[in-house]
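Okay, structure first, notes after.
The values are calculated or read from the model by the stated rules, or taken from the named source; none is laboratory data. Please read all numbers here as calculations on a predicted model, not as lab measurements. For neighbour counting, all protein chains shown are included, and Cβ atoms are generated from backbone atoms with ideal geometry for every residue, glycine included. When the accessible area is computed, the model is the full protein with side chains, heavy atoms only, and any ligands, DNA or RNA have been set aside. Shrake-Rupley method; radii C 1.70, N 1.55, O 1.52, S 1.80 Å.
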Amino acid sequence: MNTLEALLKKRLDDRTEMGLLRTLRHNDPHLIDFTSNDYLGLARSTTLAERIHEHVGPSQPNGATGSRLLSGNSPQHEAVEKKLAHLFKSESALLFGSGYNANLAVLSALPQRGDTILYDELSHASLKDGARLSLAKRLNFKHNDLHDLASKLKHAQGQVFIVVESIYSMDGDQCPLAELVDLAEKHHAIVVLDEAHSTGVVGLDGSGLAVSLGLEDRIGVRVYTFGKAMGLHGACVAGSKTLMHYIVNFSRPFIYTTAMPLQQVAAIDCAFDYLKENIQLQQVLREKISLYVKAVEGLAERTISHSAIQTLIVPGNDNIRRVAGQLQGKGYDVRPILSPTVPAGLERLRICLHTYNTGEQILGLTEELKKLSSPE
Ligand SMILES: Cc1ncc(COP(=O)(O)O)c(C=O)c1O
């Protein structure tokens with residue numbers, strides 16, 4: 001075996017031994033989807049697909065051919081950015097190929113050496129990785145705990161950036177955003193808000209949490225993603241014109257990558273129009289969430305969430321794998337979230353609710369969860 005193969009194999013074997021080996025698998029179309037982030041069913045909408053197809057038209061280049069600063073820019077990119085800025089009530093918006101890349105772009109470029117990034121301990125990997133790319137000091141604070149944040153703010157050096165999500169991807173709970181913004185202002189800290197799981201599902205026409213609370217002008221940087229409730233792929237950063245000018249000049253994840261293709265730009269354009277015309281989908285989702293929450297009310301193992309992301313804690317990687325396997329055997333596509341993705345002891349089922357989950361499916365799943373909670 002050559003050196004590289006031996007090195008990789010050893011690390012993979014270690015991982016297998018720890019029970020943490022990851023493998024790619026296909027979705028089983030026979031299982032009921034309680035896993036995907038397609039909360040509003042836009043990814044599976046044939047009407048939206050037809051619209052996108054019509055809107056793209058036949059004569060577009062197959063790719064963007066270069067970065068935005070070289071051959072990849074177009075009036076279509078700028079028109080959609082203008083539309084997104086209007087929706088998200090910001091002066092400006094800038095498209096990115098993914099939320100991961102948008103978060104890297106923001107956090108690698110804004111905080112400088114001598115500054116401090118304070119991030120919620122449950123922040124998504126893309127926010128943590130972005131922070132690691134910056135030269136600033138990084139410190140986490142306890143999840144949604146403003147007392148812990150306040151005490152860390154007292155000792156933080158340089159310009160402080162506070163990094164939070166509007167709805168947390170693993171617990172589905174909401175950031176206490178209004179109070180957090182008050183605290184940030186007291187300390188002249190800049191808030192970076194990731195709206196990945198609120199884009200589309202929260203606020204007027206899907207404009208997210210900050211706009212729904214009227215806080216948009218008090219938050220320095222907002223990131224919206226289109227791969228979840230919008231059913232597509234891609235993301236944008238929303239904020240001031242100066243912020244976008246800065247990113248275009250200083251942010252390597254923006255500068256050194258091929259621009260989004262026009263097909264994708266058109267899809268984003270169509271998806272927000274489609275959502276505006278079908279905004280009742282938000283209410284349908286809320287009703288499905290209420291049905292689920294009411295049905296599992298007594299379960300001690302659940303974490304409290306009013307979003308489409310629900311959880312049931314089953315400590316231990318082996319246990320949670322077994323339980324997820326049992327549920328899959330009963331027809332429910334529910335996946336286990338293992339440690340170290342979540343802290344040890346907080347391994348969980350992550351259950352995503354969708355507009356297209358029927359009441360019967362939801363209650364069927366909750367019955368199974370109750371059986372797990374009190375096995376005979
Ligand atoms: C909170 C959060 N931010 C960012 C991302 C990354 O977004 P994308 O999938 O568009 O790269 C995710 C995706 O899981 C997420 O949950």
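In table form, for the structure just shown:
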quantity: Unique match (being closer than 23 Å to Ala308 by Cβ, in contact with a helix residue (DSSP H, G or I) (Cβ under 8 Å, 6 or more places away or on another chain) and assigned by TED's automatic domain parsing to the domain that holds Asp171) among Leu40, Leu107, Leu69, Leu84; calculated: Leu84
quantity: Selection status of Leu153, closer than 29 Å to Cys352 by Cβ and part of a helix (DSSP H, G or I); calculated: no
quantity: Selected residue (criterion: most open to solvent (accessible area, probe 1.4 Å)) from residues of the range 119-133 that are away from the ligand (no atom under 12 Å from the Cβ) and over 16 Å from Met170 (Cβ atoms); calculated: Arg132
quantity: Ala344 being small (Gly, Ala, Ser) and in contact with a Leu (Cβ under 8 Å, 6 or more places away or on another chain); calculated: no
quantity: Selection within the range 160-208 - among the polar types (S, T, N, Q) and open to solvent by 30 Å² or more (accessible area, probe 1.4 Å); calculated: Gln174
quantity: Residue in the range 79-101 that is among the aliphatic types (A, V, I, L, M), touching a Ser or Thr at 6+ places or on another chain (Cβ under 6 Å), modelled with pLDDT of 95 or more and within 19 Å of Val163 (Cβ to Cβ) present; calculated: no
quantity: Subset tally (residues that are part of a helix (DSSP H, G or I), under 17 Å from Ile268 (Cβ atoms) and not aliphatic (A, V, I, L, M)) for the range 26-79; calculated: 10
quantity: Residue within the range 236-247 that is within 12 Å of the ligand (Cβ to nearest atom), in the same structural domain as Leu118 (by TED's automatic domain parsing) and out of contact with any Leu (no Cβ under 8 Å at 6 or more places or on another chain) present; calculated: no
quantity: Filter result (closer than 23 Å to Asp148 by Cα and within 16 Å of the ligand (Cβ to nearest atom)) within the range 181-207; calculated: Val191, Val192, Leu193, Asp194, Glu195
quantity: Out of Gly214, Gly227, sole residue that is touching a Ser or Thr at 6+ places or on another chain (Cβ under 8 Å), surrounded by fewer than 23 Cβ atoms within 10 Å (Cβ to Cβ) and under 26 Å from Asp120 (Cβ atoms); calculated: Gly227
quantity: Residues located in the range 15-60, provided they are at pLDDT below 90 and open to solvent by less than 100 Å² (accessible area, probe 1.4 Å); calculated: Gly19, Leu20, Leu21, Val56, Gly57, Gln60
quantity: Top-ranked residue in the range 208-232 [being over 24 Å from Gln263 (Cβ atoms) and in a loop (DSSP other than H, G, I, E, B); ranked as farthest from the ligand (Cβ to nearest atom)]; calculated: Gly214
quantity: Qualifying positions in the range 329-346 - open to solvent by 40 Å² or more (accessible area, probe 1.4 Å), within 23 Å of Arg15 (Cβ to Cβ) and part of a loop (DSSP other than H, G, I, E, B); calculated: Pro340, Thr341, Pro343, Ala344, Leu346
